[in-house]
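Down below is the structure, laid out as structure tokens.
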Amino acid sequence: MIHRNAPLIETGRLRPARCVVDDGWPVRRAAERFQVSHTTAARWATRYRTLGVAGMSDRSSRPHHQPARTPTAVEEQVLRLRREHRIGPLRLAARCGIAASTAHRILARHGLPPLAALDRATGEPIRRYERSRPGELIHIDVKKLGRIPDGGGHKTLGRAEGRRNKTGSGWAYSKNTWRDTCRDLGISPRWTQPWRPQTNGKVERFHRTLLEEWAYQQPYTSDRQCQEAFTDWIDWYNYHRPHTGISGQTPASRVTNLPGQHI
């Protein structure tokens, strides 16, 4: 915490300014007394003389005149295209005839977040959240992958062979199994909005990671080899892989009831 009389905050600036203006001290003496430069003490005294106590407040460093600033009409065009088409600085720059860095500064100046932070369907900022304890809310979804016959599937033998291994269709939460299981475990299910994967974004993002880092990371020659690789990968994912969403920590580091922790 900064002391209220520190020399570089409003109260601290007022003390040498009053010594110069009200008490008639030489500027150099006030500067030495309050351990600031001569020019700093003179600036504060001048502000106090012309504006009073209000002159001690911080001022914006923005210049009064900006002849090289992007014209207002161009800024409005950038903002309109961003709202209507949800495109980033590079494409905005091409449409508006400006540099991509200029488009980026315009967006930042008006407080518009990066596209990665927006829901592409609605354009609204993504609302990130974290529950108070592990297991309080669990996202569930099903991801079907084709079977891999002994000898390999389409990644090793080609598409024609891979067509023989397609999975069947049908809804995963069939009959009363899902309802009865939730009832027996005291779980209150909440359904996501149809055709809106954004409402189940956490598990959808996990599916993408799962495919990139395990399922499609290398060609497998059998289902057994694929499953064995999954066991190793899930251990890596939970205990060793840094996660950007939790500041580089691992999921296991955020769980407080792991065996041996006794919390």
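Here, each number is a calculation from the coordinates, and none is a lab measurement. Predicted model, so just to flag it, every value in this text is computed and none were measured. As a convention, Cβ positions derive from the backbone with ideal geometry for all residues, glycine included, and neighbour counts pool all protein chains shown.
Taking Lys and Arg as +1 and Asp and Glu as -1, the other residues whose beta-carbon sits under 13 Å from that of Arg43 total +3.
Of the chymotrypsin sites (Phe, Trp or Tyr not before Pro) found in segment 182-241, the ones in coil according to DSSP and having at most 12 other Cβ atoms within 10 Å of their Cβ are Trp191, Trp195, Tyr216. For segment 83-88, backbone phi angles converted through the Karplus equation (6.51, -1.76, 1.60; θ = phi - 60°) give residue-by-residue couplings of 5, 7, 10, 6, 10, x Hz, Gly and Pro being listed as x.
Near Val21: Cβ cut-off under 13 Å, other residues only, Lys/Arg at +1 and Asp/Glu at -1. The net charge is +4. Would you mind calculating the gained length between Ser247 and Ser57 on full extension (0.36 nm times residue separation, minus the Cα-Cα distance), in nm to one decimal? Full-extension gain reported as 64.8 nm. With the simple spin-label model, which puts each label point 7 Å out from Cα in the Cβ direction, the Thr39 to Asp180 separation comes to 8.3 nm.
Backbone amide hydrogens, once placed in the peptide plane, bring Leu118 within less than 5 Å of Ile126, excluding anything fewer than 5 places away on its chain.
Assuming 0.36 nm per residue, please report the length gained on full extension of the stretch Ala100 to Thr231 beyond their Cα-Cα distance. Working shown, then result.
Working: separation 131, 0.36 × 131 = 47.16 nm, distance 4.43 nm.
Working it through step by step, the gained length comes to 42.7 nm.
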